[in-house]
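Asks: Here it is, the structure, as structure tokens.
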Amino acid sequence: MSSSLLWECIKGNNSFIRKSVNMPIMSREPGNLMGLHSFKFSGLVNSKVLDVSSKKAGSKETIVLTTSHKKGSRAARPGSRLLQAGLKKLSKKGLAEVTKATTGSFYRQDLEELAQKKYIK
Amino acid sequence: MSRPVVSVFDIESADSVASTVTLPAVFTAPIRADVVHYVHTLMAKNKRQAYAVSTRAGMQTPAESWGTGRAVARIPRVPGGGTSRSGQGAFGNMCRGGRMFGATKIWRHWHKKISVNQRRYAVSSALAASALPALVQARGHRIDNVPEFPLVLSDSLNRVAHTKDARAVLERVGAYDDVVKSRDSRKIRVGAGKSRNRRHTQRRGPLVVYDVSEGMDKAFRNLPGVELSLVDNLSLLDLAPGGHLGRFIIWTKGAFEKLDSIFGTYEESAKFKTGFNLPRAFMTNADLTRIINSDEVQSVLKPQVTGPTLVIPKKRNPLKNAAVRLALNPYQAAVVARETKKASADKATKAKVIAEKRQVLKARGKEFAGRRKAFYKAASAEGEIAF
């Protein structure tokens, strides 16, 4: 279904919304780059999803790039809709990887700068 | 509209696909959260039981007002004596032991009528929403391990007879996470409901929809959060609990295939709902981004209006800033040229004047030095001080 329509259903109320005083409305679904509850960043609603996050496995921490699968049919398969790829920890290489995934593939270029900033963090 | 094909999973394993079914047209019905919300709020009232205060409450006294002149308020008062009740105010809502304002009546309009077509519209919307994992996830169901949406299991599900087999099926199919969520969310209700036979609350788990049960309803009913429903009587209260779209539904193949005849398609009316046709969407293409970026729209757009191109620079003082002065007064160039020329011409004369001045100063300096010496000599000599 179209992302605009889904957003209209979800924006009022959904189980991932977290509200706190004096803060913008946050959302904790996977695939949300900024953790903000907004159409641009929503990991549920958009057909193209981008996120940079860190994942801990025991004592090891990896930086993970989450994207949505290219095939539209994957939207009907909740398990395989989001793809995770590791990013190099060396910042020059890692940033290059982020750029390649966004600008290089014409994928969510609007989020590229934010993704890079988040990677640096 | 071409309808995609949905895999029917074997209950033995989520990897094996038993067969496929075309998606019933209901799942392509427009998703109208507003209709669902409206119908749900009305429908939810239909199971209410009447409550009211007693009709006689607060009125069981022959109280009468004492009228004026007795230095008391004019509220009706209980007659008689010998008890503390006598003389107390009665009847009024403000009085202690009086009847309440607007006493609740049992003939309140508890149940709400909803037109049949609206009810069916809402159910269609709710079913369509249940096929979108985004909405089901947003509603809070744990569906990360479910292989496909909508989830359809083969008819052998009907024959599952024991709860432990039912649980195993759900685990294989990735639906058990939702059951776990429901089980773990069981808490004692906040509020007075806990002492009114509504002690616990817990989240809703998956809804299993079937057409024929050969024991499966008893197998599934004890799993926490799991609810069962026949295809024939799907209720909005189960499909959109709380008025929120996106219940996690597990279908049996028979039930899934029956949907087309129950709700109809866009080509034919519903067989089991007389006069009902699937609702049509206002917009056939709801994807705003695509519409905006389409050729048809982009080609007729006017060019984007940018801000004002006039940029007002920082003011520079022409009296100090030579470049600005020159821009304002082009003659300034000639003046400057003339003056530099004069200055260089004057240089020679100036040098002479300076040299002369230097001579004068030098001579004077010598003279003063002489005077200084003489004075010092005179002052340091013995004898009378004379200036």
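Read-outs: derived from the displayed coordinates by stated rules, not from any lab. None of the values given here were measured: they were computed from a predicted structure. Here Cβ is always computed from backbone atoms with ideal geometry, including for glycine, and neighbour counts include all displayed protein chains.
Asks: Determine the relative contact order of the range B:105-263: mean sequence separation of Cα pairs under 8 Å and six or more apart, normalised by residue count, in whole percent.
Replies: Working: 254 pairs, mean separation 49.5, N = 159.
So the answer I get is 31 percent.
Asks: Further question: Taking a cut-off of 19 Å between Cα atoms, list the aspartates and glutamates near A:Lys70, but don't count ones fewer than 8 places away on the same chain.
Replies: Straight-line reach from A:Lys70, under 19 Å: A:Asp51, A:Glu97, A:Asp110, A:Glu112, B:Asp144, B:Glu148, B:Asp287.
Asks: Would you tell me the mean number of C-beta atoms belonging to other protein chains that fall within 10 Å of each C-beta in B:285-294, as a whole number? Don't skip to the end; give the middle numbers.
Replies: Values: counts 1, 7, 6, 5, 5, 3, 2, 0, 0, 0.
For this peptide, the per-residue mean of nearby foreign Cβ atoms is 3.
Asks: Still on this structure: Mind giving me the FRET efficiency for B:Thr306 and B:Ala334? R0 is 51 Å, r the Cβ-Cβ distance, nearest 0.05 is fine.
Replies: On the way: r = 42 Å, r/R0 = 0.82.
It comes out at approximately 0.75.
Asks: What's the center-to-center distance, using Cα atoms, between the range B:184-248 and the range B:78-121 in Å?
Replies: 35 Å
Asks: Among the lysines, select those whose C-alpha is under 28 Å from the C-alpha of B:Lys357, and discard any that sit fewer than 8 residues away in the same chain.
Replies: B:Lys341, B:Lys342, B:Lys347, B:Lys366, B:Lys373
Asks: Also, I was wondering about something else. Return the average number of partner chain Cβ atoms within 10 angstrom of each residue Cβ along peptide B:135-143. Write out the running numbers ahead of the final one.
Replies: Values: counts 8, 1, 10, 14, 5, 3, 2, 1, 2.
For this peptide, the per-residue mean of nearby foreign Cβ atoms is 5.
Asks: Highest mean first, what order results for B:270-280, B:208-218, B:151-161 on Cβ atoms within 10 Å?
Replies: Values: B:270-280: 14.8, B:208-218: 19.4, B:151-161: 21.3.
Highest to lowest by the protection proxy: B:151-161, B:208-218, B:270-280.
Asks: Another question, if that's okay. Would you please put B:256-269, B:170-183 in order of how densely packed they are, using the mean number of other Cβ atoms within 10 angstrom per residue and starting with the highest? The partial results should precede the final answer.
Replies: Values: B:256-269: 18.3, B:170-183: 20.1.
The most tightly packed comes first, giving B:170-183, B:256-269.
Asks: Tell me, what HN-Hα J-couplings in whole Hz come from the Karplus equation 6.51 cos²θ - 1.76 cosθ + 1.60 at θ = phi - 60° for each residue of the range B:205-218, using x for Gly and Pro?
Replies: 3J(HN,Hα) across the range B:205-218, in whole Hz: x, x, 9, 9, 10, 9, 10, 9, 10, 10, x, 6, 5, 6.
Asks: With unit charges on the beta carbon (Lys/Arg positive, Asp/Glu negative), name the residue among B:Pro206, B:Phe263, B:Gly102 whose Cα is farthest towards the positive pole of the charge dipole of chain B.
Replies: It is B:Gly102, whose Cα lies furthest towards the positive end.
Asks: Summing Lys, Arg as +1 and Asp, Glu as -1, what charge do residues with Cβ under 14 Å from the Cβ of B:Tyr210 carry, B:Tyr210 excluded?
Replies: Cβ neighbours under 14 Å give a net charge of -3.
Asks: Can you give the mean number of other chain Cβ atoms that lie within 10 Å of the Cβ atoms in peptide B:146-153? Write down the numbers at each step before the final one.
Replies: On the way: counts 4, 5, 6, 4, 1, 1, 0, 0.
Mean shielding by partner chains, rounded to a whole number: 3.
Asks: Rounded to the nearest 5, what is the percent of antiparallel bridges among the DSSP beta bridges in the protein assembly as shown? Display every interim value, and only then the final one.
Replies: On the way: 27 of 39 bridges.
Counting DSSP beta bridges with both partners in the protein assembly as shown, the antiparallel share is about 70 percent.
Asks: Give, rounded to the nearest 20 debye, the magnitude of the charge dipole that chain B has about its Cα centre when Lys and Arg contribute +1 at Cβ and Asp and Glu contribute -1 at Cβ.
Replies: Taking the Cα centre of chain B as origin, the dipole is about 3860 debye.
Asks: Which one, B:Phe282, B:Val353, B:Gly370, projects farthest toward the positive side of the charge dipole computed for the protein assembly as shown from Cβ point charges (K/R +1, D/E -1)?
Replies: My answer, from the dipole projection, is B:Gly370.
Asks: Using a simple charge model, +1 on the beta-carbon of Lys and Arg, -1 on the beta-carbon of Asp and Glu, nothing else, what dipole does the range A:47-121 show about its Cα centre, in debye to the nearest 20? If you can, show how the numbers build up before the last one.
Replies: Working: 18 positive and 6 negative charges, 55 e Å.
Value, rounded to 20: 260 debye.
Asks: If the chain between B:Glu171 and B:Lys373 were fully stretched, how many nm would it gain, using 0.36 nm times the residue separation less the Cα-Cα distance? Don't skip to the end; give the middle numbers.
Replies: Numbers: separation 202, 0.36 × 202 = 72.72 nm, distance 12.01 nm.
Additional length available on full extension: 60.7 nm.
Asks: I need the calculated FRET efficiency for the pair B:Glu12 and B:Lys113, taking r as the beta carbon distance and R₀ as 45 Å, to the nearest 0.05.
Replies: Working: r = 47 Å, r/R0 = 1.04.
For B:Glu12 and B:Lys113, the calculated efficiency is 0.45.
Asks: How large is the charge dipole for the protein assembly as shown, taken about the Cα centre, if only the Cβ atoms of Lys, Arg (+1) and Asp, Glu (-1) carry charge, to the nearest 20 debye? Walk me through the numbers on the way to the answer.
Replies: On the way: 88 positive and 40 negative charges, 766 e Å.
Using Cβ point charges on Lys, Arg, Asp and Glu, the protein assembly as shown gives about 3680 debye.
Asks: Counting only other residues whose beta carbon sits under 12 Å from that of B:Ala126, what net charge do I get with K and R as +1, D and E as -1? Mind dumping the intermediate values first?
Replies: On the way: positive: B:Arg32, B:Arg119, B:Arg120, B:Arg139, B:Arg247; negative: B:Asp238.
Cβ neighbours under 12 Å give a net charge of +4.
Asks: Going down the list A:Lys56/A:Lys118; A:Lys88/A:Lys121; B:Lys320/B:Lys350; A:Lys11/B:Lys187; A:Lys48/A:Lys88, which pairs span over 18 Å between their C-alpha atoms? Please list the in-between numbers first.
Replies: Values: A:Lys56/A:Lys118 16 Å; A:Lys88/A:Lys121 13 Å; B:Lys320/B:Lys350 27 Å; A:Lys11/B:Lys187 28 Å; A:Lys48/A:Lys88 22 Å.
Over 18 Å Cα-Cα: B:Lys320/B:Lys350; A:Lys11/B:Lys187; A:Lys48/A:Lys88.
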